[in-house]
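Asks: My structure is below; once you've seen it, I'll send some questions.
Throughout, read-outs are computed from the coordinates displayed, never taken from laboratory work. All values derive from a computational prediction rather than experimental measurement. For neighbour counting, all protein chains shown are included, and Cβ atoms are generated from backbone atoms with ideal geometry for every residue, glycine included.
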Amino acid sequence: MSTEQQSQQTQGGSEFEREPVPQNRLLGFRSFVGMYAGEHTAGTELMIGPLFVAAGVSAFDVVVGLIVGNLLAVASWVVMCAPIATRARLTLYYQLEKICGRQLVTLYNLANGVMFCFLAGAMVTVSATALGVWFHFPMPALNDLYPNSVGWVIAVLAVGIMISLVAAYGYQIVAKVANVAAPWMVLVFIAFGLIGLRQFIDATGTKVGSLSDVWALAQTHIWRGGDPHLGKVKFTFWHVMFFAWFCNMAMHIGMSDLSVLRFAKKSWYGVASGTGMFLGHYLAWLAASILYAFQLHLNPSNTDVLPGPLAYQAAGLAGLICVIIAGWTTANPTIYRAGLAFQAVIPRSSRFTVTLITGLIATLAGMFPAIAMQLLEFVALYGLILMPMGAVIFVDFWLIRRFGLQSSYAERSGTGFNWAAGAAWLVTLAIAWGLVRFAGVPIFFVSLPGWFVAATLYVGLSLVYQRKVRPVLEQAKPGPAVAEA
Amino acid sequence: MRRIMIIVAVLSLVVLMVPAILFLTGRMELATAKWIMLVATILWFAAGTPWLWKQTG
């Protein structure tokens, strides 16, 4: 059984949801290698690579920026997430509940569910572009915000309903399909890059005798730098590095992967995330960006980022199948997770109904190409929104006792809403929003200072909060307990 | 039977990559490469599914 499946089961409530994972259920390193490689080679990689090119990135910035950013992402899993996961061995949700209280976790779940919904919507968008190759309906352009044809709406609806039904009926089957498809999908992504490279060599008449010739081709024709496309932010080395580091911020620094890595025997198993980063977030992004750059080379006015046609021109039907499966297998668990997050908000609702409704909301979101076409910004926003709670968990686990405070304070005080954690979360987001909105700081750069703001706020607010709201056990001595001040 | 399936599945992944490499080196036409990749894809799902389906169950 893969760690992802175990994680899903756990989130579904069948095992170790509210207790540490026992020693005899821990998993070896190989389980995590496969899981991370599969999970991070997804349909959305075919959007992200081209969007780098649309952002006017240069060869050095993208090739080196991705290496540094991905190394930092792996380090974040190893240093930030895995040590807590392998010591506490609890799900993210239970760990948060002990710190924040049930009501605050419900709010977190709501935010998480909404973001998952939009992310799944982008994956549905990716899959639907494959149908456009067969049925020839008008597809969205790079700067389109709204659905632009009836054919597009029908295609997204068809793909979205199918994905939603499968997610509601049988998540396990899709998890198995994803596991079967993963090795094949990684190789198809690499093939995209090799084919695109040859197409560039032929189209430009470049003589390639050494690696330096390939590098020259990359600099002059593939990632040329210069101005971004209309409506896009110019990407430099720092944009690429921070994007690669923080695009999965919700999972490493945001601690979502506590639920996965709690099954790891050793905390260094976090390095397994390197397979996902360097196959999916390096090779796949570069390969997809080569295909898009070639499309621009042939016709500079064709700025559409459409994974279906891009994959088809490079690898034919195998490429189209890859787009459909990559979008489908990653949209499904995302819808499933969003459904679980919403179900936690309305506990008495049936999982089937909630997942189906969630899938339909994601389908509706997928009709609007704005999310997929602005995926770089959306992914950064997704990480940013969930990051402060990761800071709260980190501080609560490692540091808070050094300030004379108590950890897991919601559990100790019996409160349903730890205001210190809640305010740290919301104030950090408000500061980040202010920096983006009024100071013009790109969203890719606010998460790093945001983490320190959240951590400092949590400690500072806890100093006040823990004085006002006393632990239940402490109160029980002099008289009846009153949890909330 | 299981061993044959595994061998076919692994070979199909090799066959999937070879056309892309041959196209890169200028030794194969793209149209041919696309057909071979499609055949390799079918082979992978035919042979790899029974193998990995059980393994992930």
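Asks: Roughly how many nanometres apart are two label points built 7 Å out from the Cα toward the Cβ at residue A:348 and residue A:238?
Replies: Inter-label distance under the simple model: 5.3 nm.
Asks: List the residues, sorted by chain then number, that are 5 or more residues from residue A:57 or on another chain and whose placed amide H is less than 5 Å from its amide H.
Replies: Excluding prolines and chain starts, which carry no amide H, the hits are A:225, A:235.
Asks: What order do you get for A:45, A:19, A:411 when you list them from fewest to most C-beta neighbours inside 10 Å?
Replies: A:19, A:411, A:45
Asks: With charges only on Cβ, +1 for K and R and -1 for D and E, what is the dipole size of chain A about its Cα centre, in debye, rounded to 20? Walk me through the numbers on the way to the answer.
Replies: On the way: 27 positive and 19 negative charges, 270 e Å.
My answer is approximately 1300 debye.
Asks: Also, quick follow-up: A 27 angstrom limit on the alpha carbon distance is what I want to check against. Which of A:266/A:468; A:207/A:234; A:234/B:34; A:98/A:265 exceed it? Don't skip to the answer; put the middle values down first.
Replies: Working: A:266/A:468 39 Å; A:207/A:234 30 Å; A:234/B:34 35 Å; A:98/A:265 23 Å.
Pairs exceeding the cut-off: A:266/A:468; A:207/A:234; A:234/B:34.
Asks: Let me ask you something else. Could you go through segment A:296-310 in sequence order and give the Karplus-derived ³J(HN,Hα) for each residue, using 6.51 cos²θ - 1.76 cosθ + 1.60 with θ = phi - 60°, rounded to whole Hz, and x for Gly and Pro?
Replies: 5, 4, 6, 8, x, 7, 8, 8, 4, 9, 10, x, x, x, 4
Asks: For residue A:26 and residue A:433, calculate 0.36 nm times their separation in residues minus their Cα-Cα distance, and state this gained length in nm to one decimal.
Replies: Gain on stretching residue A:26 to residue A:433: 142.5 nm.
Asks: Which angle from 0 to 90°, rounded to the nearest 10, does the C-alpha axis of helix A:237-246 make with the longest principal axis of chain A?
Replies: 50 degrees
Asks: Please arrange A:428, A:220 by counting, for each residue, the other beta carbons lying within 10 Å of its beta carbon, fewest first.
Replies: Ranked by crowding around the Cβ, least crowded first: A:220, A:428.
Asks: Full-extension gain between residue A:107 and residue A:357, please, as 0.36 nm times their residue separation minus the C-alpha to C-alpha distance. List each step's numbers first, then the result.
Replies: On the way: separation 250, 0.36 × 250 = 90.00 nm, distance 1.90 nm.
Net length gain for the segment: 88.1 nm.
Asks: Residues of B:20-28, mean number of Cβ from any other protein chain within 10 Å of their own Cβ, rounded to a whole number?
Replies: Neighbouring Cβ atoms belonging to other protein chains average 5 per residue here.
Asks: What does the helix-only formula give at 222 nm for the protein assembly as shown: each DSSP H stretch with n ≥ 4 adding -39500 (n - 2.57), the total divided by the residues, and the result rounded to the nearest 500 deg cm²/dmol?
Replies: -22500 deg cm²/dmol
Asks: Between residue B:32 and residue B:5, how high is the FRET efficiency from 1/(1 + (r/R0)^6) when r is the Cβ-Cβ distance and R₀ = 30 Å? Nearest 0.05. Walk me through the intermediate numbers first.
Replies: Numbers: r = 27 Å, r/R0 = 0.89.
My answer for the efficiency is 0.65.
Asks: Additional query: Once R0 is set to 41 Å, what does the formula 1/(1 + (r/R0)^6) return for the Cβ-Cβ distance between residue A:150 and residue A:406, expressed as a FRET efficiency to the nearest 0.05? Write out the running numbers ahead of the final one.
Replies: Working: r = 59 Å, r/R0 = 1.44.
Step by step, r from the Cβ atoms, then E = 0.10.
Asks: To continue, here is another question. Starting with the fewest neighbours, write out A:229, A:252, A:136 ranked by other beta-carbon atoms found within 10 Å of each beta-carbon.
Replies: If I rank by nearby Cβ atoms, fewest first, I get A:136, A:229, A:252.
Asks: Each residue of segment A:74-80 in order: what ³J(HN,Hα) in whole Hz does its phi give by Karplus 6.51 cos²θ - 1.76 cosθ + 1.60, θ = phi - 60°, with x for Gly and Pro?
Replies: Each residue of segment A:74-80 in turn: 4, 4, 5, 5, 6, 8, 8 Hz.
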